[in-house]
Amino acid sequence: MNSRAQQLQAFDRLLNIMDDLRAQCPWDKKQTLESLRHLTIEETYELGDAILNNNLSEVKKELGDLLLHIVFYAKIGSETQDFDIADVCNEICEKLIHRHPHIYGDVQVKDEEEVKQNWEKLKLKEGKKSVLEGVPQGLPALVKASRIQDKAKGVGFDWEEPYQVWDKVQEELSELQAEVADGNQERMEAEFGDVMFSMINYARFLNINPEDALERTNKKFIKRFQYLESKAEELGKPLSEMTLAEMDVFWNQAKKL
C-alpha cells in the first residue's frame, strides 16, 4: 500500500489536474454546482452497484469518480471565494472531533448504540430543532424511511423487541387487506405505505439494509428473466407467445442455476 506521503502526493496531483481542466477544458469550464449535481448522484449509485457486486476494482474506480466531484465542487467554491478544498477538509475534521468526545474528550461510551445516541444529542445542541432535519428531502422513499427510523432510534424512540415490530407488520397487513376489500384507492395506498414502513422497520431489527436487500432481489430477478429470454430466443418463440407454464419451466431452471 502507499505511504501517507504518497497518498498526499496523489491528492495534490488530482488538485493540479483539476486546476488544468478548469482552466483549459471547454466542458469543465462550463460546469456549475447545479450542473454537476445529477452526475454526482449517478456516480453515487454506480459506487453502490460496485459495492453490492463486491467488485473491488470497480469500487476503487467509482471512489475516484466521486472524489473528482468533491474536488470539482471545491474548485468552483474557491473561484467564488466561498470555500476551497482545505475548508471542506477542515469542516469535516472539526465535526468529527466535536461528535466523537469519547475519542477526543473525556466522555465514556459502552457500545456503538451509545455512540449513535450521543451523536444525535450533539446535533441538537448544535442548533438543529429536530433529529430528522438531517434526512435529505430528495432521498428515495425507501432509503428515507430507513434513515428516519434510524434517527428516531438514536433518541430512544423505538421498539424494544423484534417480535413487537413483526406484530406491527401483521397489524398493518390486516389494515391493508381491509382497505383492499373496501376498494378505496386512496386508503389502500396509505395502508400500503404503512406496510412498507413497518417492513423497513423490521428489516432494521434484523440488521438487514432494506435498500441492499431489494436491490439484490432486483438483480436476481433480472438475471433469471434474462435467462428466460435467452431460452425463448433459442426456441425461436417470443415470450409474448409462450404460456406461463412454458415460461415457468425455464424460470425454475434459472433458479437452480
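So, in the range 121-146, of the ones that are surrounded by 12 or more Cβ atoms within 10 Å (Cβ to Cβ) and basic (K, R), which residue ends up nearest to P210 (Cα to Cα)?
K144
So which residues in the range 3-20 are more than 30 Å from the chain's Cα centre (by Cα) and assigned to a helix (DSSP H, G or I), if there are any at all?
Those that are more than 30 Å from the chain's Cα centre (by Cα) and assigned to a helix (DSSP H, G or I): A5, Q6, Q9, N16, D19, D20.
Among the candidates G77, G48, G64, single out the residue that is small (G, A, S) and more than 22 Å from the chain's Cα centre (by Cα).
Among G77, G48, G64, only G77 is small (G, A, S) and more than 22 Å from the chain's Cα centre (by Cα).
For the range 74-124, give me the residue count where each residue is of a type in the set (A, V, I, L, M, F, W, C) and over 30 Å from Q31 (Cβ atoms).
8
For the range 33-53, name all the residues that are closer than 15 Å to G77 by Cα and either free of Cβ contacts under 8 Å to residues at least 24 places away in the same chain or open to solvent by less than 60 Å² (accessible area, probe 1.4 Å) (or both).
Result: E34, S35, L36, R37.
Only one of these is touching a residue at least 40 places away in the same chain (Cβ under 8 Å) and either outside any loop (DSSP other than H, G, I, E, B) or open to solvent by 50 Å² or more (accessible area, probe 1.4 Å) (or both): K75, K61. Name it.
Just one listed residue meets the conditions, K75.
Pull out all pairs, ordered by first then second residue, where Cβ-Cβ is under 8 Å, the residues are six or more apart or on different chains, the first lies in the range 108-120 and is under 18 Å from R147 (Cβ atoms), and the second is at pLDDT below 85 and not in a loop (DSSP other than H, G, I, E, B).
Every condition considered, the pairs that remain are K116/G154; Q117/G154; W119/G154; E120/V131; E120/G154.
Being open to solvent by 60 Å² or more (accessible area, probe 1.4 Å), modelled with pLDDT under 95 and hydrophobic (A, V, I, L, M, F, W, C) narrows it down to one of I70, I17, I103, I92, so name that one.
Only one candidate passes the filter, namely I103.
Quickly run through the range 106-120 and pick out the residues that are surrounded by 12 or more Cβ atoms within 10 Å (Cβ to Cβ) and out of contact with any Pro (no Cβ under 6 Å at 6 or more places or on another chain).
Result: V109, E114, V115, K116, Q117, N118, W119, E120.
Only residues in the range 78-91 that are hydroxyl-bearing (S, T, Y) count as the first member; pair them with residues that are in a helix (DSSP H, G or I), Cβ under 9 angstrom, at least 6 apart or cross-chain, and list the lot.
Filtered contacts from the range 78-91: S78/I85; S78/D87.
So if I check each of G156, G193, which one is free of Cβ contacts under 8 Å to residues at least 12 places away in the same chain and small (G, A, S)?
Only one candidate qualifies: G193.
Tally up the residues in the range 200-244 that are free of Cβ contacts under 8 Å to residues at least 12 places away in the same chain, open to solvent by less than 50 Å² (accessible area, probe 1.4 Å) and either assigned to a loop (DSSP other than H, G, I, E, B) or polar (S, T, N, Q) (or both), please.
Summing the residues that are free of Cβ contacts under 8 Å to residues at least 12 places away in the same chain, open to solvent by less than 50 Å² (accessible area, probe 1.4 Å) and either assigned to a loop (DSSP other than H, G, I, E, B) or polar (S, T, N, Q) (or both) in the range 200-244 gives 2.
So, in the range 22-43, of the ones that are part of a helix (DSSP H, G or I), of a type outside the set (G, A, S) and closer than 22 Å to A10 by Cα, which residue ends up farthest from the chain's Cα centre (by Cα)?
Top of the filtered list is Q24.
The values are calculated or read from the model by the stated rules, or taken from the named source; none is laboratory data. Please read all numbers here as calculations on a predicted model, not as lab measurements. Please note: Cβ atoms are built from the backbone with ideal geometry, for glycine as well, and neighbour counts cover all protein chains shown. Accessible surface areas use protein heavy atoms only, side chains included; no ligands, DNA or RNA. Shrake-Rupley method; radii C 1.70, N 1.55, O 1.52, S 1.80 Å.
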